[in-house]
Amino acid sequence: MAHVVATGAGKVMMDRRTDPTHDYILGLTGKERPRVLFVGTATGDDPAYILSFYTTYHSDRCAPHHLPLFHRAVDDLAGFVRGFDVIHVGGGNTANMLDVWRRQGLDEIMREMWEDESSNVVFTGGSAGGICWFEGGTTDSFGPTLRVLPDGLGFLPGSFSPHYDAEDQRQPIYHAALKSGELGAGYAVGNLQSVHFHGGEFVTAISPVEDALALTVKAVDGEIVETPLPVTVLAGR
């Protein structure tokens with residue numbers, strides 16, 4: 001069954017070249033040199049972000065590739081994407097990213113990979129690359145004032161709120177959306193924390209640092225309940 005590893009930050013985590021989170025993701029494939037595809041749609045296929053990906057996921061670590069959708073270079077998108085062990089989605093504008101994916105058909109290709117019980121693909125990413133796998137989340141896609149995004153891919157039930165320790169708006173808008181029912185109960189993590197799911201089931205939260213922020217968050221009788229998750233602290237290289 002496929003995995004999801006959703007992280008709090010996108011580019012911030014990518015720029016941490018030797019962060020053990022990257023090794024954790026690659027290790028889930030069970031392969032010595034997994035094929036990793038970076039999807040940078042959320043920043044319009046920004047060259048600097050793509051370069052950061054290749055610097056971190058270099059050829060000594062894996063077999064890295066990227067998928068540009070604004071200047072698409074492949075006709076058989078499904079055949080290309082299905083050949084990868086890791087689908088790594090960059091941070092950025094979640095709403096715009098999802099619109100492009102749906103126009104190009106990438107959302108359905110990945111859904112088929114997710115639903116294939118024989119698949120061991122790892123879907124991962126931070127910020128936009130973490131929100132997208134859930135039913136919804138909190139986003140800055142529509143401007144500096146955060147809003148609710150209720151139409152993620154829905155591979156995983158409920159919601160996801162990244163940057164929980166880094167942006168003051170995240171907690172109040174998430175709490176309000178949970179109380180109103182606009183978002184379902186879900187997960188909140190700090191920039192450096194991730195939540196790992198296997199076949200839709202929660203496995204653990206992971207963190208490269210001891211002081212980790214990873215919570216389940218839900219509304220119960222109009223009150224917000226935040227519960228710390230079990231965290232696996234990863235050993236650095």
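Quick check: pseudo-label points 7 Å beyond the Cα along Cα→Cβ at VAL225 and TYR54, how many nm apart are they?
Taking the simple label geometry, VAL225 and TYR54 are separated by 5.0 nm.
Within 10 Å, at most 11 other Cβ atoms, and a DSSP state outside H, G, I, E, B define an exposed site. Report the longest part of the chain free of exposed GluC sites (Glu not before Pro).
118-209
Tell me, rounded to the nearest percent, the portion of alpha carbon pairs in the range 66-128 spaced more than 12 Å apart.
71 percent
Calculate what fraction, in whole %, of the accessible area of the chain sits on carbon and sulfur atoms when a 1.4 Å probe is rolled over the protein chains.
49 percent
Output needed for the range 121-185: three equivalent-ellipsoid semi-axes, defined as square roots of 5 times the C-alpha gyration tensor eigenvalues, in descending order, whole Å.
After diagonalising the Cα gyration tensor, the semi-axes are 18, 14, 10 Å.
Cross-link partners among aspartates and glutamates for LYS11, C-alpha distance below 18 Å, same-chain residues fewer than 8 apart left out?
ASP19, ASP23, ASP45, ASP46, ASP140, ASP165, GLU167
How long, wide and thick is the range 35-106, going by the Cα atoms along their three principal axes, in whole angstroms, largest first?
Computed over the range 35-106, the largest-to-smallest principal extents equal 34, 26, 17 Å.
If you take every DSSP beta bridge fully contained in the chain, what fraction is antiparallel? Give it as a percent rounded to 5.
Given both bridge residues lie in the chain, the antiparallel proportion sits at roughly 45 percent.
How about LYS179: which aspartates and glutamates have a C-alpha closer than 17 Å to its C-alpha, ignoring those fewer than 8 places off in the same chain?
GLU135, ASP221, GLU223, GLU226
Residue by residue through the range 96-103, which ³J(HN,Hα) values in whole Hz follow from phi under the Karplus form 6.51 cos²θ - 1.76 cosθ + 1.60 (θ = phi - 60°), with glycine and proline marked x?
Each residue of the range 96-103 in turn: 4, 4, 5, 4, 5, 4, 5, 5 Hz.
With only Lys, Arg, Asp and Glu charged, each at its Cβ (+1 for the first two, -1 for the last two), find how big the charge dipole of the chain is about the Cα centre; round to the nearest 20 debye.
440 debye
Among VAL74, GLY91, LEU106, flag the residue with its Cα farthest along the positive direction of the charge dipole of the range 65-118, charges on Cβ as +1 for Lys/Arg and -1 for Asp/Glu.
Farthest towards the positive end: GLY91.
Just add up the charged neighbours of GLU112: K/R +1, D/E -1, any other residue whose Cβ is under 15 Å from the Cβ of GLU112.
Around GLU112, the charge tally is -3.
Considering only HIS22, VAL36, LEU51, whose Cα is most displaced toward the positive end of the charge dipole of the range 1-136, charges sitting on Cβ of Lys, Arg (+1) and Asp, Glu (-1)?
It is LEU51, whose Cα lies furthest towards the positive end.
Give me the Debye-computed log₁₀ of I(q)/I(0) at q = 0.14, 0.18, 0.23, 0.30 Å⁻¹ for the range 189-228, equal point scatterers on Cα only, no solvent, two decimals.
Relative scattering, expressed as log10 I(q)/I(0), comes to -0.38, -0.58, -0.80, -0.98.
So how long is each side of the chain along the principal axes, counting just the alpha-carbon atoms, biggest first, in Å?
That gives 49, 40, 35 Å along the principal axes, largest extent first.
The values are calculated or read from the model by the stated rules, or taken from the named source; none is laboratory data. In this text the structure is predicted, and so the values were computed from the model without any measurement. When we count neighbours, we look across all protein chains shown, and the Cβ atoms used for this are built from the backbone with ideal geometry, even at glycine. All accessible areas refer to the heavy atoms of the entire protein, side chains included, with ligands and DNA or RNA removed. Shrake-Rupley method; radii C 1.70, N 1.55, O 1.52, S 1.80 Å.
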